[in-house]
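The values are calculated or read from the model by the stated rules, or taken from the named source; none is laboratory data. As the structure is a computational prediction, the values presented were derived from the model and not from experiment. Here Cβ is always computed from backbone atoms with ideal geometry, including for glycine, and neighbour counts include all displayed protein chains.
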Amino acid sequence: MIDPRLLRDDPDLIRAAQAKRGLSASVVDEALAADEARRAAIADFERLRAEQKQLGKLIPRAQGDEKAALLEQTKTLAAQVKAAESAQGAAEDVWNAAIRAIPNPAADDAPAGGEDDYVVLETVGTPRDFASEGFEPRDHVELGKILGAIDLERGAKVSGSRFYFLTGVGAELEFALVNLAMEQAREAGFTQVIAPSLVKPRAMEGTGFLDQAADDVYRIEGEEMYLVGTSEVAMAAYHSDEILDGASLPRRYAAFSPCFRKEAGSHGKDTKGIIRVHWFDKVEMFVYTTLEDAEAEHERLLGWEKEFLDKLELAYRVIDTAAGDLGPSAKRKFDCEAWIPTQGKYRELTSTSNCTDFQARRLDIRGRFPSAGSGQAPEQRQPEVRPVATLNGTLTAIPRTIVAILETHQQPDGSVRVPKALQKWLGREVLEPVAAATGLGG
RNA sequence: GGAGGUGUCGCCUAGUCCGGUCUAUGGCGCCCGCCUGCUAAGCGGGUUGAGGGCAAACCCCUCUCGCGGGUUCAAAUCCCGCCACCUCCGCCA
């Protein structure tokens, strides 16, 4: 949710922001009208209610005819109050729907336009040149099979398309990656978290995932519960309805959880392998900080993502996502895309978003800060309560990370060199092909 | 899943039976001031959050006693539903 004051004070700013995302500005006018109607309804109700309370006070002390007259008077007033109250409630509902329909304005630095209008900020490392090494790289599906690491056939048999089993070194790879990620997170001062992946509607709504991504969200039949597509959802709602001590910020969490996505709009895309799946595990960084610090924290999150990719010795680039491709909550988003040799292109491995106070307003997460109190003597300053900023960033999304590692570090015989940083957690330097294939029907 | 209990402004707590100066009591903590060689103690005051009126504020008003309805002129208090926690039983990893 954007700051209502911003909408009221500078609607043209919001109109321009809508245009930058390629969206209509009509919601702005709807929201402004709703705001006016709402305030009128509030004034109506409060005037009647105050009158009712005044009269109500006289009743216990009144006697006889006087009392009867008062009761008669307040009876009709009570009906008016009731009507005004429900009118106010209706006006609030309209207002809430209107203001929530407006996404977070993109940062000035974010490129305008849609999915293809990203800007490449940086390219790190060089894609490995298999041609000059004299062999054709195998894709991760084949490598996964050779290594006994990924079982797609049985995934499909048991759970359907876009499911898989990680087996043997595949499973070990996940644990190693999680350990490596958590080690880095701990060293950077993050609190490690295992987060629930089943949440109530409030959490989903609050993080903006029921807006345009609603089709991608799994709902639990017969229950008011959703499966999260990222632990960002649980971690944002973690402090919902709380007022955090400003001195405790930034609060940094590294959360592990399974993630579930219907991938409704991506039929036919990435149908092979484990690039795009309905379920995967992920370690997500989630930060609560001040609005003033959010932009700098965003850079730090990007830094930690790059550090992790560096440890995996991958070639990647960083892109600045265009406004139209941001989620509704995000003001700015950086994606780290790793080079996938058999696809001949960079694919998103991690992503970090600065959601400023957008999610915090929806989830009612605030901080208590010493007042800036211009002109006032320090001793007169009351602490003030303001929304905080939330940011998130992937440390590692397991399947895609495995894809990048296998394909990038493969050797002609189908074995895979283990990046140095991962060796400690994997207990070996090379992943060797397993003797016998263990495919379906084999 | 069943039975019983609890939920009050950071924490603890009075109030709920029997509706009306409850504009929610007191303590702890915290903040400001006074007093005092220092500290502690003592004294006085302040201390939920949201929204509206306004350019803003000392100001005024409304809402907020787990949440949502209802009854009533009037609800922390009565009624209904829900949620969370505790105890016991059942089930289970």
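With respect to the numbered conditions (1) under 30 Å from residue A:321 (Cα atoms); (2) in a helix (DSSP H, G or I); (3) touching a residue at least 60 places away in the same chain (Cβ under 8 Å), which one is the sole condition not fulfilled by residue A:34?
Of everything listed in (1) under 30 Å from residue A:321 (Cα atoms); (2) in a helix (DSSP H, G or I); (3) touching a residue at least 60 places away in the same chain (Cβ under 8 Å), residue A:34 misses just condition (1).
Need the failing condition index for residue A:39 against (1) part of a helix (DSSP H, G or I); (2) away from RNA strand B (no atom under 11 Å from the Cβ); (3) in contact with a helix residue (DSSP H, G or I) (Cβ under 9 Å, 6 or more places away or on another chain); (4) free of Cβ contacts under 8 Å to residues at least 24 places away in the same chain, just the number.
All conditions are met except number (2).
For the stretch A:70-92, does any single residue satisfy the condition of being of a type outside the set (Lys, Arg), within 28 Å of the chain's Cα centre (by Cα), within 11 Å of RNA strand B (Cβ to nearest atom) and within 27 Å of residue A:327 (Cα to Cα)?
yes
Given the condition buried (at least 20 other Cβ atoms within 10 Å of the Cβ) and of a type in the set (A, V, I, L, M, F, W, C), answer yes or no: does some residue in the stretch A:237-244 qualify?
Scanning the stretch A:237-244, I find at least one residue that is buried (at least 20 other Cβ atoms within 10 Å of the Cβ) and of a type in the set (A, V, I, L, M, F, W, C), so the answer is yes.
Residues being in a helix (DSSP H, G or I) and modelled with pLDDT of 90 or more: count how many of those fall in the stretch A:354-379.
6
Yes or no: residue A:8 within 9 Å of RNA strand B (Cβ to nearest atom), part of a helix (DSSP H, G or I) and surrounded by 13 or more Cβ atoms within 10 Å (Cβ to Cβ)?
The answer is yes for residue A:8.
Being at pLDDT 95 or above and either under 25 Å from the mean Cα position of the chain (by Cα) or surrounded by fewer than 18 Cβ atoms within 10 Å (Cβ to Cβ) (or both) is the requirement here; does residue A:337 meet it?
yes
Of A:356, A:350, A:321, which residue is on the phi > 0 side of the Ramachandran plot, touching a helix residue (DSSP H, G or I) at 6+ places or on another chain (Cβ under 9 Å) and buried (at least 23 other Cβ atoms within 10 Å of the Cβ)?
The match here is A:356.
Can you name the number of the only condition in (1) crowded, with 17+ Cβ neighbours inside 10 Å; (2) more than 17 Å from residue A:177 (Cα to Cα); (3) out of contact with any strand residue (DSSP E or B) (no Cβ under 6 Å at 6 or more places or on another chain); (4) not acidic (Asp, Glu) that residue A:260 fails?
Unmet condition: (3).
Within the stretch A:48-65, track down each residue that is within 30 Å of residue A:99 (Cα to Cα) and near RNA strand B (Cβ under 7 Å from one of its atoms).
Passing the criteria: A:49, A:50.
Would it be correct to say that residue A:23 is closer than 29 Å to residue A:319 by Cα, among the aliphatic types (A, V, I, L, M), away from RNA strand B (no atom under 16 Å from the Cβ) and not in a helix (DSSP H, G or I)? Walk me through how you get there before you give the answer.
On the way: closer than 29 Å to residue A:319 by Cα: yes; among the aliphatic types (A, V, I, L, M): yes; away from RNA strand B (no atom under 16 Å from the Cβ): yes; not in a helix (DSSP H, G or I): yes.
Spelling it out, residue A:23 is indeed closer than 29 Å to residue A:319 by Cα, among the aliphatic types (A, V, I, L, M), away from RNA strand B (no atom under 16 Å from the Cβ) and not in a helix (DSSP H, G or I).
List every residue pair whose Cβ atoms lie under 6 Å apart, where the two residues are 6 or more positions apart in sequence or sit on different chains, the first residue falls within the stretch A:325-337 and is more than 15 Å from residue A:350 (Cβ to Cβ) and in the same structural domain as residue A:16 (by TED's automatic domain parsing), and the second residue, located anywhere, is modelled with pLDDT under 95 and not acidic (Asp, Glu).
The qualifying pairs do not exist here.
Among the candidates A:107, A:156, single out the residue that is among the small types (Gly, Ala, Ser) and within 24 Å of residue A:259 (Cβ to Cβ).
A:156
For the stretch A:167-180, indicate whether the set of residues that are crowded, with 20+ Cβ neighbours inside 10 Å, in the same structural domain as residue A:256 (by TED's automatic domain parsing) and not in a helix (DSSP H, G or I) is non-empty.
no
Please work out if residue A:205 is of a type in the set (Asp, Glu) and farther than 30 Å from residue A:96 by Cα.
Spelling it out, it is not the case that residue A:205 is of a type in the set (Asp, Glu) and farther than 30 Å from residue A:96 by Cα.
Counting only residues that are in contact (Cβ under 8 Å) with a residue 60 or more places away in the chain and in a loop (DSSP other than H, G, I, E, B), which one in the stretch A:190-208 is surrounded by the fewest Cβ atoms within 10 Å (Cβ to Cβ)?
Top of the filtered list is A:196.
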